[in-house]
Amino acid sequence: MAGYIAPAERWLGFADEWNAALVVAGVCRTDGTAGEFHMTDFEAKRGAFSGWTEEPRRSLLGNLMGIIDNHQLHATGFVVSTAWWKTISWKDEHPNHKPLEDPYHHVMQNAIATALTMTNHQDVAPDLFSPDGVACVFAPQEEFEPKAAQYMAAMAHFLTVLAAPTVTSITFALTNMPQLQAADIVAFELRWRLTCPNIDRWPMRQILKSGRGKFAGLPTGILANANLGRVEPIEFPTQVLQASDSLAKKLIPKRQRKRKQGI
């Protein structure tokens, strides 16, 4: 799981510039408004990018990466080895907690922890240090809901009410948000770099070249062989929130619960 984090003022104008680049490139809906950029479709030359030649592909991706760089966004992400995750003995290592059902929940929680590390430690990312609060926005993941929504609600509760108010909100949003489309690029490239570290892809080079990329993962040291260049991965102890079903369900906003039930 990966994306971008930046002070609120750096996001001003981002969506308009992103959508304008898509319209100029011809990625439009039937009404002429901007379509959506999904890195998987872009790489596979399908959907809105079906039949595209290399020249327009490079031009669009270059423009989008340029917008990201101009707004000085920080790339961040967290990765968990599924092979390692399956070896966890929840009963032995966490005897008083229920096990997490899927590594997605582990990654989701630690992605937020990584963002907090970047904003609460001046030596990690000085220009992100000590904000008023962090608003976390995630793309919807139908495969992992409604459990993901329960964990999100529990985390939002503990981080905003019972702990220091460093997280102002944790929400799901539609993928037509340009911010999430940008995040899709980082997630795609981080996965590529981890699975095929010898392939030097241009988008990842731009992310690393900016000097604003910080990533973390489990088990500790998983990023050591990812060839992340001069980026120093964040290493920190992690604590996983395991909320009971009754508490998690109780914390989900009523409007969200109704939506999940199809009302």
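At a glance:
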read-out	value
Residue, nearest to Val124 (Cα to Cα), within region 61-100, restricted to residues that are of a type in the set (Val, Ile, Thr) and in a strand (DSSP E or B)	Thr76
Count of residues meeting criterion [in a helix (DSSP H, G or I) and closer than 16 Å to Trp84 by Cα] in region 192-224	2
Condition met for Ala183 (in a helix (DSSP H, G or I) and modelled with pLDDT of 65 or more)	yes
In region 39-61, the residues that are surrounded by 12 or more Cβ atoms within 10 Å (Cβ to Cβ) and under 21 Å from the mean Cα position of the chain (by Cα)	Met39, Asp41, Phe42, Glu43, Leu61
Condition check for Val161: modelled with pLDDT of 85 or more, outside any loop (DSSP other than H, G, I, E, B) and either under 22 Å from Pro103 (Cβ atoms) or open to solvent by 20 Å² or more (accessible area, probe 1.4 Å) (or both)	no
Count of region 127-156 residues which are open to solvent by 50 Å² or more (accessible area, probe 1.4 Å), more than 20 Å from Ala2 (Cβ to Cβ) and either at pLDDT 70 or above or assigned to a helix (DSSP H, G or I) (or both)	3
Condition check for Ala8: in contact with a strand residue (DSSP E or B) (Cβ under 9 Å, 6 or more places away or on another chain) and open to solvent by less than 60 Å² (accessible area, probe 1.4 Å)	no
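The values are calculated or read from the model by the stated rules, or taken from the named source; none is laboratory data. Just so it is clear, the model here is predicted, and its values are computed rather than measured. Positions of Cβ are generated from backbone atoms using ideal geometry, with glycine treated the same way; all protein chains shown enter the neighbour counts. Surface areas here come from the heavy atoms of the whole protein model, side chains and all, with no ligands, DNA or RNA. Shrake-Rupley method; radii C 1.70, N 1.55, O 1.52, S 1.80 Å.
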